[in-house]
Amino acid sequence: MSQQPVQTPKPRRPRAPADRVPPGQRRPLRERLAHPTAPRFKRPSRRTMSWVGVVLALLAITIAVLFALWDWNWFRGPVERVASARLHRQVTITGDLNANVWSWQPWVTVDGVHIANPAWAGGKEMANAERITVQVRLLPLFLGRTDIRVLRFDRPNVALFADAQGRKTWDFSDGRVQAPMKLPPIHSFVIKDGRMVFLDLMRKLKFEGTINASERLGAENKGFGLLGKGTINGAPFRMDVTGGPLINIERDKPYPFDAEIRAGDTYLSARGAIPQPFDLGQFYMTATGRGPDMAALFLLTGVALPNTPPYNLRGKLTRDGLTWRITDIGGRVGDSDLSGVMTLETGGKRLFLKADLQSNSLDFDDIGALFGGSPAVGPGETASAEQKAMHAKLGAQQRVLPDATLDVTRIRAMDADVTYKALSIRDAPVKLSSGSARVKLDAGLLKIDPVELNLSRGRVSGRIGLDARNAVPVTDMDLRLSNARIESILPLQYDGAAPLTGAVVGRAKLSGAGNSLHKAFANADGQVVVVAPGGEIRKAFAELAGVNVVKGLGLLNKKDMTPVHCAVATFDTKGGVMRAGHIVVDTGPVLIKGSGTVNLGAERMDFKFRGHNKKFRLVRVLLPIKVTGPLTAAKIGVEPGAAMAQGAGGLLLGGINPLAAILPFIDPGLAKDANCAGLIAEASRQGAPVAAKTLTAGR
């Protein structure tokens with residue numbers, strides 16, 4: 001093993017003696033402090049310390065005297081400038097500004113505070129207060145927290161205004177989205193003799209009332225109360241908000257509160273808590289509400305809800321910043337149940353409502369209120385006094401379509417995406433089993449797409465739109481009837497059996513302008529087509545369509561059926577008048593042709609049908625069938641004019657030859673089968689959902 005060479009350490013350069021310093025230089029401080037010969041700092045003498053204490057005491061006395069004699073009004077100008085910059089409008093202080101900072105709980109009072117309106121709202125003041133008092137705890141400020149002991153407003157006057165464009169005088173955001181107000185804990189919150197005026201042109205709402213808040217410790221165990229009253233559209237309005245004791249509030253302990261609002265017949269109540277007092281951007285509560293019409297809630301909430309029958313609902317409401325959420329919705333709207341969840345986003349240009357709702361059992365007549373009409377008002381039905389009056393009015397006018405004016409400002413005020421399902425439907429004019437719809441609202445454009453109504457056999461599906469972006473809203477609809485049965489849509493019974501059976505399909509595509517459902521249909525343009533590609537009809541009815549008095553009356557009580565080869569009706573609609581160019585019903589014994597109109601504005605129909613026998617008939621009377629009158633009460637009759645002419649001809653021929661008198665009543669039966677294939681193909685081209693196999697079979 002080789003040995004490593006031993007390294008000899010280099011000799012260190014000897015340091016210069018501690019007392020030797022090159023000329024013109026000073027010894028480093030650390031060496032001077034460490035060297036035994038270096039000079040040391042001397043402790044201040046008692047005399048020096050006494051003089052320092054005297055100087056500090058004189059300085060403290062001077063500051064105390066300065067603050068005692070200080071005129072805090074010197075700060076009015078800077079405070080006004082800072083407040084004006086923060087609120088983006090002029091803030092002035094016409095009274096005194098006082099403070100007491102020599103306390104563990106310093107306070108400030110400001111007299112004569114005036115806040116102007118923004119320039120667009122005119123020169124009037126938005127708010128003023130005779131005095132504002134704020135007192136805080138000093139120690140929490142050193143820890144970065146604010147603990148308000150007293151916040152008091154003496155005789156504040158507030159005038160809030162929102163114009164038709166949606167601009168608000170109380171919006172201090174300068175066009176930017178701001179987080180909800182977050183206040184520190186307030187131990188004593190007082191509003192004395194406050195007055196408020198609220199005017200919202202978009203909601204057509206005016207509120208005048210008083211606001212007072214004070215501590216109310218005692219038997220009720222309530223420490224906060226905010227009371228307001230006034231009127232909304234002439235109806236009384238009252239708001240009571242009470243909270244728990246305002247003593248020893250902990251930052252992380254929920255602060256409980258109760259709220260109650262009454263506006264006319266609308267009543268809302270809630271019980272909840274603020275998780276971190278008083279962060280108003282975070283709270284939760286259990287709420288209940290009842291009233292005659294959910295649309296009335298727009299005046300209180302700004303949320304555009306549809307017209308409804310009287311409602312009684314409950315749910316859990318939570319707020320998380322700019323998001324409001326209602327879960328566990330339950331209760332009734334009219335005679336229908338309702339459940340689901342709703343979310344409201346407030347951070348955008350407009351409110352955005354998203355909802356998923358469901359009814360286990362929908363009373364169909366409750367839907368009428370959505371369009372400004374009325375639900376049923378008979379025994380056991382639920383309707384408000386206003387809806388009962390609407391029902392009486394429509395009944396007196398023998399009308400179906402309501403003319404209640406649509407408030408387009410509400411539709412423009414928010415956006416929405418709502419889905420709704422009815423698992424079962426009852427009391428419908430036709431046998432509906434279930435239904436669903438998705439409603440989207442974007443900047444005044446409302447679309448219900450898709451909408452589906454399921455029959456016991458068949459379905460109505462399509463879309464409905466409402467464009468409320470212009471002065472006069474425009475309604476358009478495109479609905480298709482598919483896989484349906486005539487006996488399901490027209491549940492006629494005669495002698496215990498359906499007189500007409502078979503498949504039926506159709507399409508209705510209409511568009512009209514108007515600020516009510518009635519006006520929109522009274523101006524509608526478009527097309528409606530109905531097709532029955534096959535079926536059966538009672539022979540008695542087919543024969544009577546040709547008024548074969550010998551055979552038709554003889555078959556009246558029999559149930560034997562004859563085939564319907566096809567039936568097609570096409571309506572061209574212009575200016576609210578549906579005009580049937582041709583109606584064809586091709587049965588085994590008779591070819592029935594008809595024509596007529598449906599006036600959607602007057603809500604009246606006028607049809608005429610004439611039968612043409614395909615076989616020889618010995619006695620046949622020419623009595624065309626008429627269907628005329630209001631949509632709600634149309635009557636079936638005959639047109640006697642043709643029969644009178646037929647009888648006059650018989651009398652004339654009878655004068656020549658008695659046997660010739662029966663000639664006008666003999667039908668040679670020259671009518672041919674209709675071109676069902678061509679008729680059905682044409683209806684298919686016009687949008688009727690005819691099955692492909694039907695078209696193939698027709699060819």
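The values are calculated or read from the model by the stated rules, or taken from the named source; none is laboratory data. Note that the structure is a prediction, hence the values are computed from the model and not measured. As a convention, Cβ positions derive from the backbone with ideal geometry for all residues, glycine included, and neighbour counts pool all protein chains shown.
At-a-glance table
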item	result
Any hit, region 511-520, residues being assigned to a helix (DSSP H, G or I), of a type in the set (A, V, I, L, M, F, W, C) and either under 26 Å from Leu357 (Cβ atoms) or modelled with pLDDT of 85 or more (or both)	yes
Selection from region 351-370 of residues that are surrounded by fewer than 19 Cβ atoms within 10 Å (Cβ to Cβ) and under 25 Å from Asp171 (Cβ atoms)	Leu351, Phe352, Lys354
Output for region 318-333, where each listed residue is at positive phi and at pLDDT below 90	Gly321
Residues being over 24 Å from the mean Cα position of the chain (by Cα) and β-branched (Val, Ile, Thr) - total across region 268-289	1
Tally, over region 589-601, of residues that are free of Cβ contacts under 8 Å to residues at least 60 places away in the same chain and under 21 Å from Ser516 (Cα atoms)	2
Unmet criterion (only one of (1) modelled with pLDDT under 75; (2) part of a loop (DSSP other than H, G, I, E, B)) for Gly601	(1)
Qualifying residue in region 106-119 (condition: on the phi > 0 side of the Ramachandran plot, surrounded by 16 or more Cβ atoms within 10 Å (Cβ to Cβ) and at pLDDT 85 or above)	yes
Some residue of region 269-283 being farther than 29 Å from Leu151 by Cα and assigned to a strand (DSSP E or B)	no
Counted residues, region 88-113 - those being of a type outside the set (D, E, K, R), within 44 Å of the chain's Cα centre (by Cα) and more than 26 Å from Arg137 (Cβ to Cβ)	5
Total residues in region 150-171, condition at pLDDT 85 or above, over 16 Å from Asn128 (Cα atoms) and either touching a His at 6+ places or on another chain (Cβ under 8 Å) or among the polar types (S, T, N, Q) (or both)	1
In region 413-452, the residues that are touching an Asp or Glu at 6+ places or on another chain (Cβ under 8 Å), among the hydroxyl-bearing types (Ser, Thr, Tyr) and assigned to a loop (DSSP other than H, G, I, E, B)	none
Extreme residue, surrounded by the most Cβ atoms within 10 Å (Cβ to Cβ), among residues of region 573-607 that are acidic (Asp, Glu) and out of contact with any Asp or Glu (no Cβ under 7 Å at 6 or more places or on another chain)	Glu603
Filter result for the condition that a residue is at pLDDT 85 or above, at positive phi and surrounded by fewer than 21 Cβ atoms within 10 Å (Cβ to Cβ), over Gly496, Gly526, Gly502	Gly526
Region 260-282, residues that are modelled with pLDDT of 80 or more and of a type in the set (Asp, Glu)	Glu260, Asp265
Number of positions in region 604-639 that are part of a loop (DSSP other than H, G, I, E, B) and either at pLDDT 75 or above or of a type in the set (Lys, Arg) (or both)	4
Pairs where the first residue, in region 295-308, is over 16 Å from Ala404 (Cα atoms) and the second is part of a loop (DSSP other than H, G, I, E, B), C-beta under 6 Å, 6+ apart	Leu297/Leu305; Phe298/Ala304; Leu299/Arg203; Ala304/Ala413
Selection count, region 87-105, where residues are exposed (fewer than 11 other Cβ atoms within 10 Å of the Cβ) and in a helix (DSSP H, G or I)	0
Residue within region 401-416 that is within 25 Å of the chain's Cα centre (by Cα), modelled with pLDDT of 80 or more and surrounded by fewer than 18 Cβ atoms within 10 Å (Cβ to Cβ) present	no
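Here is a yes/no grid of residues against (1) in contact (Cβ under 8 Å) with a residue 24 or more places away in the chain; (2) surrounded by fewer than 17 Cβ atoms within 10 Å (Cβ to Cβ):
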position	(1), (2)
Ser436	no, yes
Asp442	yes, yes
Ile448	no, no
Leu455	yes, no
Ala468	yes, no
Ala471	no, yes
